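Read through the structure below, which is laid out as structure tokens, and then see the notes.
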Amino acid sequence: MEKEQYQQLEQSVTPKPPYFKNAAKAFFVGGIICTIGQAVSLFYIIFFDFTEATAGNPTVSTMVFFAMILTGFGLYKRIGQFGGAGSAVPVTGFGNAVISAAIEHKSEGLVLGVGGNLFKLAGSVVLFGVVSAFFVALIKYILVTLGVVSW
Amino acid sequence: MVMTFVFAFIVGGIICVIGQLLMDVGNLTPAHTLSTLVVVGAILDGMGLYEPLIHFAGAGATVPITSFGNSLTHGALAEAEKHGLVGVLTGMFEVTSSGISAAIVFGFIGALIFKPKGNVD
Amino acid sequence: MVIVFQSKPSFLAGGVVAGPLEKRSVFSQYFDTIYDDERWKMETNEQGHRKMIQEACEILMKKSGVNNLEIDFFLGGDLVNQMTPTNFAARELAISFIGLFSACATSVSSVIVASLLTELGASNLSIAGASSQHNAIERQFRYPVNYGAQKPQTAQWTVTAAGFALIGKHREECPCIEAATIGKVIDYGMDDPFHMGAAMAPAAFQTIQSHLEQRNQQFYNYDLILTGDLGQLGLKLLKGMLVENGVKKEELTLLRDAGAEFYGQDEAFQSGASGAGCSAAVFFSYIIQQLRAGSYKRVLLVATGALLSPLSYQQGETIPCTAHAIEITMK
Amino acid sequence: MMLPIVVCMALLSGCTEKEKFIVYGPPQNEEEVEAVLKEEKFVERTTVIQYDDKMLVAVQFKPWDKWKKAKLEKKLQKKFDEKYPNKDVFVSADYKIFYEANKIKKDQLEDNKLTDKISELKKLAQEET
């Protein structure tokens, strides 16, 4: 059997991901996580000195804390298998990527293992976040200087 | 206040669906998907569109990873506005995202107290 | 290329240990020991992996009533970088050792080398086999075990198991190795590390075809043709290729896959089991016991291996695969 | 000692129920303030606290108008500044401010404490992330 012929066979046998089902599950799980985030946020607004504008930071940190607990007990990967992007896209997913790598590489020590591999999976998110922030600021600065837009 | 919860659910859900479609239809790995969304968040903030989304949906916009791009860009833009071109450069050293710091700290703590488990269910 | 063994070396015994999750395997009743701790009470997964190999070999020696001084060679491998678990286990076992790497096909390639050494007269008793430990392999090839990435339906689950066999001179009452085929490395351009079955199926196809051709045999001359870890989808693809090549549909019932059957129909494992330990555990427990019991007279075991590394697929390379086969008969 | 005039208004979206208007202290210009706020369709609920020459206007916008929160807040601030040039008006659409304003109303804070509390809230509202 030729390569091309085999690739055709492979295409016909391999099941397509259930797009709709996966999207629905992602919507549900992602929505729930964000709603929990909203509740945490409200908690900080009511019981501490945070406004709607400043409650974002403690909320995100708290969500990452929840991610640590769930990851440590091996529950986050079960949520991940069900929710797909629904649990990967919220910051809890970012936390899971960092924390799971940290736990995994503990066996190589705190410096070379945890330190060296902490951002093994999530490093690209930090990289592209910072770099794109730089370029967006630069472009906006140029546009403002040219008088195209204002701050 | 109830509506804020509803909007948080819907907007957060929609951002996750976009991520799922990038993974399923676009065939991207989770790392590629998250990187893409962060860049999208940064660009949206540059256009001044992310802040309104946060006002509208609260945690529905601050909890998804797109808010990383937003908060990093926000810091850089604020510096650029204050100090001009130099600010664009120095802004990079001042920008922070609480998610990143939290992940580092909790990652370290998690490594100290937990062991990797491989069970399926 | 086919090798026919004149002296017909025999499988004298098999030793298989598996991890806690493998209790759910349909083959679990044939395993010698199932351990409740996936790390074998060791600090790290890799140490647990080593301990598992040691334990399988010790059980094997105990079953056959021999000690390590009577064993001439230890042949085996695993999937961890530089095969440290097997190398370290060899240090503890203190037997002349060569590490072999054919990815998940190591279970059969090590038996082939052991049979050659026996045929040559250099070996009286050899241990051959392979193993894999889920956590150690996953973290190396894919993600940390606690990372919540969604696995597609095409993914396979790396088993935690070690399977070793004692190969010796021909004995009437034991299953013997008649012939073997060392496979070529086949690459049909598949590049998805979460769809290994599709990458490995063409290699299995080539090896089965050339073995049958050179041995002048037909599909129905075998009681069973068992592939290693193609998974449900890989098996489907292999069947598709065979049908295309003129094998009759009714003959395909003779073709089974250890990986596809390993965890039954449990959807938590997606397309089935994989890993070097998968084929080793099934071949050296279930198959040997069935042959001894007389349920099968002639089987062809085809272990498939995907020869990729995390580096190679990140650099955009496709996944080359190989398959090695041994033909085992029982009087 | 000047008793603070606390005016509280709860305008529910769409239907303005009269009984939702709770007025504390001698009513001065509370109807006028209410009318100013009612003019704007995007306002859902408000709590206004008046004392001395200061005024804290805590508003909550209708959900669909929250997009423009920053803009609308400014608009309202400007409107109040123009309408009451002699008064120090502070408008905030933040939920925290609204929540605290309601608490002030409920607890009936005393003069000196009120001044402190309000300047504290003002500082809070101006904090950036």
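Derivation of every value follows stated rules applied to the coordinates shown; laboratory data play no part. Predicted model, so just to flag it, every value in this text is computed and none were measured. When we count neighbours, we look across all protein chains shown, and the Cβ atoms used for this are built from the backbone with ideal geometry, even at glycine.
A few remarks follow.
- Charge dipole magnitude, Cβ of K and R +1, D and E -1 - chain C, Cα centre, debye nearest 20: 440 debye
- Separation of the range C:1-29 from the range A:119-151 is 58 Å, based on Cα centroids.
- Point-charge dipole on Cβ atoms (K/R +1, D/E -1) for chain A, about Cα centre, debye to 20: 180 debye
- For the range A:77-110 and the range B:45-107, distance of Cα centres in Å: 22 Å
- Comparing A:55, A:88, A:26 in a Gaussian network model of chain A, where Cα atoms under 10 Å apart are tied by springs, the biggest mean-square fluctuation is seen for A:55.
- Estimated dipole of chain B in Debye, rounded to 20 [Cβ of Lys and Arg +1, of Asp and Glu -1, Cα centre]: 320 debye
- Under the simplified labelling scheme, the residue C:221-residue A:8 pair shows an inter-label distance of 3.2 nm, with each label point 7 Å from Cα along Cα→Cβ.
- Most positive-pole-ward Cα, B:92, A:86, C:290, against dipole of the protein assembly as shown from beta carbon charges: C:290
- With bins 5 Å wide beginning at 0, the percent of Cα pairs of chain B falling in each bin runs 2, 11, 14, 17, 17, 17, 12, 7, 2, 1, 0.
- Separation of the range D:60-97 and the range C:99-127, taken as the distance between their Cα centroids, equals 81 angstrom.
- GNM remark for chain C: springs join alpha carbons under 10 Å apart, and the peak mean-square fluctuation among C:158, C:253, C:207 falls on C:253.
- Averaged over C:70-79, number of beta-carbon atoms from partner chains that fall within 10 Å: 0
- With K and R counted +1 and D and E -1, the other residues having a Cβ less than 10 Å from that of residue C:123 yield a net charge of -1.
- Size check on the range A:12-151: the Cα extents along the three principal axes, sorted descending, read 54, 52, 38 Å.
- Shielding by other protein chains, B:74-87, mean Cβ within 10 Å: 4
- Normalising by residue count, the range C:158-222 has a Cα convex hull of 153 Å³ per residue.
- Kirkwood estimate for chain C, i.e. one over the average of 1/r between Cα atoms, Å: 19.2 Å
- Average partner coverage of A:38-51, which counts Cβ from other chains inside 10 Å: 5
- Extent along principal axes [Cα atoms of the range C:228-320; Å; largest to smallest]: 48, 32, 25
- Order of D:65, C:37 under a 10 Å beta carbon neighbour criterion, fewest first: C:37, D:65
- When the trypsin sites (Lys or Arg not before Pro) in the range C:128-187 are filtered for DSSP coil states and for at most 15 other beta-carbon atoms within 10 Å of their beta-carbon, the remaining sites are C:171, C:184.
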